[in-house]
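Following: one structure in structure tokens, then a few remarks.
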Amino acid sequence: MSLKRVITFAVALLASLGLVAATSLVILTTYLHRATLSLQTAVEGIQSTEDFEVSLLDLHQRLGSRIQRGEAVTVDFIEEARRQLSAQLDRTRRQVLTEEEGELLSRVDTAYSQYLDAQALALQSPPGRMNAQITRHLETAIVAINQLISLNIQEARLNESQADRWNQMADLAGLGVAVLLVLGVVVLLVWMRRAVFHPLLGISRAMHRFGDHGERTRAPMEGAEELRDMARTFNEMADSLLNQRQARLTFLAGVAHDLRNPLSALKMSAALVTSRGPVSEERLQKTMALVSRQVSRLDRMVGDLLDATRIEAGHIELKLEERDAGELATSVVELYRSSGTAHELRLLLPEGPLPLRCDPTRVEQVLNNLVSNALKYSREGSVVDVEVRREGEEVWLSVKDQGIGISAEEQRHLFTPFQRTGSAREKAPGVGIGLSVARRIVEAHGGRIEVESSPGRGSTFRVRLPRSPSVPASREARPGPFVQDPVFS
Ligand code: ADP
């Protein structure tokens, strides 16, 4: 699994949990607040109804004692009591929440008003005549009041249990979110340990071991996708370093081998010249000619190596001029023909001149290398075709042989310094630097070099150059891996 995906998922999960927790907290507190408010209203309703009941009974008792004591009860006294009771009932009315409560309250209202009316009538009637009516109205009012109180008590209980329920739900929600969070963190930590820390440690150990001359050490490819990629990149880099090291050794061996032949020829010639015995004039001439050939071979080899080093180090200067591409190819082919090659070298040119803006010496160097390879890696007597042609705004220079060919796998590394194919090693000496230099020269011209080949069926190398390259007259190429080679430093 990818680290990026897991972290995104974890953050999204955390954010969703936070959102759920916050939303449920807001909803729960709102409902809790509402339930508490209703509870408070119900309790206040009970209190004010009870106060009203006490006031009504108190009034009834006060009226009774006045009459008993023979004190006069006036209409004003009763009206004053009515005002007070009505004000009290108004306060109770404010706490009414349901229709049922409203109905009971209006029954209380009617009953206490009738009770007071009966008390007022009793003032003008003979004593004791209205007593039965007064008691009936009072009882009706008290019954309604008690019903109202018990209704309020019921509502208060209901609201209380509702508040309890919301409270429990809030507790559960909080606990659930906390458990999920802890679980998520634990799962993430376990995963991080297995898929991140452990592989990271493996890569770090491999890097240390690699640095301590453990060149065959490779990082384990495990854990998150990114770390597997990292380990793969490290392993590829380690492989490439190892390959380069081996290539360097091969290169040194190749150079040593190539230098040895002319050197031993020179040694033998020197021994002949300095020998005590008589040396004929003709023999001396031959020896001197051999010395001269070997010295120029050595000179060419060292020159080639220096040139390759400079190009690989990124110093390539193009001296651009307009030349006929056909003419360049002809001079290269003629050179090989005149050296008496055992191959049949064919040249295919366009009808007229094909102007090409290039550095002619460098282009000839590339063609030279391609033709020399074609001859080296194909059987004597076989045909090598050199073709020049125009393709749109490009000039194509191809060298085709009927030689040993190159496998698809080997083609991938063909233009890397020091790379030689297995079959080429047996066939001809070489150090594997010509093609990498050729590629740099072609790229410096803004062109491309391609190969089409298969083992046993020959190869075609094609150089594609723009007819007028958009490169400055002198340019620096990117340094290649070759410059790190101590041989050239
Ligand atoms: P060198 O020929 O000195 O080894 P090059 O860089 O010119 O160096 O070539 C690199 C390798 O590419 C050769 O060693 C050989 O394995 C392969 N190669 C190049 N040209 C051909 C060819 N025409 N046919 C088969 N193999 C070739």
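The values are calculated or read from the model by the stated rules, or taken from the named source; none is laboratory data. Small disclaimer: the values here were computed from a predicted structure and weren't measured. Positions of Cβ are generated from backbone atoms using ideal geometry, with glycine treated the same way; all protein chains shown enter the neighbour counts. Note: areas computed on protein heavy atoms with side chains; ligands, DNA, RNA excluded. Shrake-Rupley method; radii C 1.70, N 1.55, O 1.52, S 1.80 Å.
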Study note, to complete from the structure: F197: passes all of (1) open to solvent by 90 Å² or more (accessible area, probe 1.4 Å); (2) in contact (Cβ under 8 Å) with a residue 12 or more places away in the chain; (3) under 20 Å from the mean Cα position of the chain (by Cα) but (2)
Review point. So which residues in segment 241-260 are touching a residue at least 40 places away in the same chain (Cβ under 8 Å) and surrounded by 13 or more Cβ atoms within 10 Å (Cβ to Cβ), if there are any at all?
Key: Q244, A247, R248, T250, F251, L252, G254, V255, D258, L259
**Study point:** Qualifying residues in segment 62-86 (those that are part of a loop (DSSP other than H, G, I, E, B) and touching a Lys or Arg at 6+ places or on another chain (Cβ under 9 Å)) - the one surrounded by the fewest Cβ atoms within 10 Å (Cβ to Cβ)
**Key:** A72
**Study point:** Condition check for R357: more than 10 Å from the ligand (Cβ to nearest atom), touching a residue at least 40 places away in the same chain (Cβ under 8 Å), part of a strand (DSSP E or B) and open to solvent by 20 Å² or more (accessible area, probe 1.4 Å)
**Key:** yes
Practice item. Take segment 419-472 and flag every residue that is at pLDDT 90 or above, of a type in the set (V, I, T) and not in a helix (DSSP H, G or I). Key: I449, V451, T460, V463
Point to revise | Breaking point among (1) touching a Leu at 6+ places or on another chain (Cβ under 7 Å); (2) closer than 28 Å to M1 by Cα, for R205 | key: (1)
Exercise for review: Could you run through segment 206-240 and say how many residues are aliphatic (A, V, I, L, M), open to solvent by less than 80 Å² (accessible area, probe 1.4 Å) and either at positive phi or not in a loop (DSSP other than H, G, I, E, B) (or both)?
Suggested key: 4
